[in-house]
Amino acid sequence: MTTTTTTTATDVLLFIPNLIGYSRIVFTLTSFVLMIVYEEGEYWVLAILLYVASFVGDLFDGMAARKLNQCSEFGGLLDMVTDRCSTLGILYILGSTS
């Protein structure tokens, strides 16, 4: 007798790779706030570390999705949007600082 499990929308939201994706968003937004608010460089090292951690998270969320068999359309979209917004944000900040 074979049992099948169904994946609900709530399950997909709580997949490990998606949780990593949420942390990437928090890291990226925090780094942007630090870069904008503290232009004089007081927290730029922390901001850069958070930004780099966000992109290291990009590596690990993809690996986790494949290893844990938790690939989803939502996860792929979350990853893509996070990458594009992170790149756009850093270009804006670097372009607007003098």
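The values are calculated or read from the model by the stated rules, or taken from the named source; none is laboratory data. No experiment lies behind these values; they were computed from the predicted model shown. Cβ placement follows ideal geometry from the backbone for every residue including glycine, while neighbour counts extend to all protein chains displayed. These area figures cover heavy atoms from the full protein model, side chains too; ligands, DNA and RNA do not enter into them. Shrake-Rupley method; radii C 1.70, N 1.55, O 1.52, S 1.80 Å.
Solvent exposure of the chain, expressed per residue, is 70 Å² of accessible area, with all protein chains present and a 1.4 angstrom probe. The accessible surface of the chain, taken with every protein chain in place and a 1.4 Å probe, is 68 percent carbon and sulfur.
Ordering L19, T8, M35 by Cα displacement along the dipole of the range 7-98 toward the positive end leaves T8 in first place; charges were set at the Cβ atoms of Lys, Arg (+1) and Asp, Glu (-1). With the simple spin-label model, which puts each label point 7 Å out from Cα in the Cβ direction, the F55 to C71 separation comes to 2.5 nm.
Measuring nothing but how far apart in sequence close Cα pairs (under 8 Å, 6+ apart) lie, relative to its length, the chain scores a relative contact order of 36 percent.
Convex hull volume per residue, computed on the Cα atoms of the range 1-97, equals 85 Å³.
Between E40 and M80, the modelled label-to-label distance comes to 4.3 nm, taking each label 7 Å out from Cα in the direction of the beta carbon.
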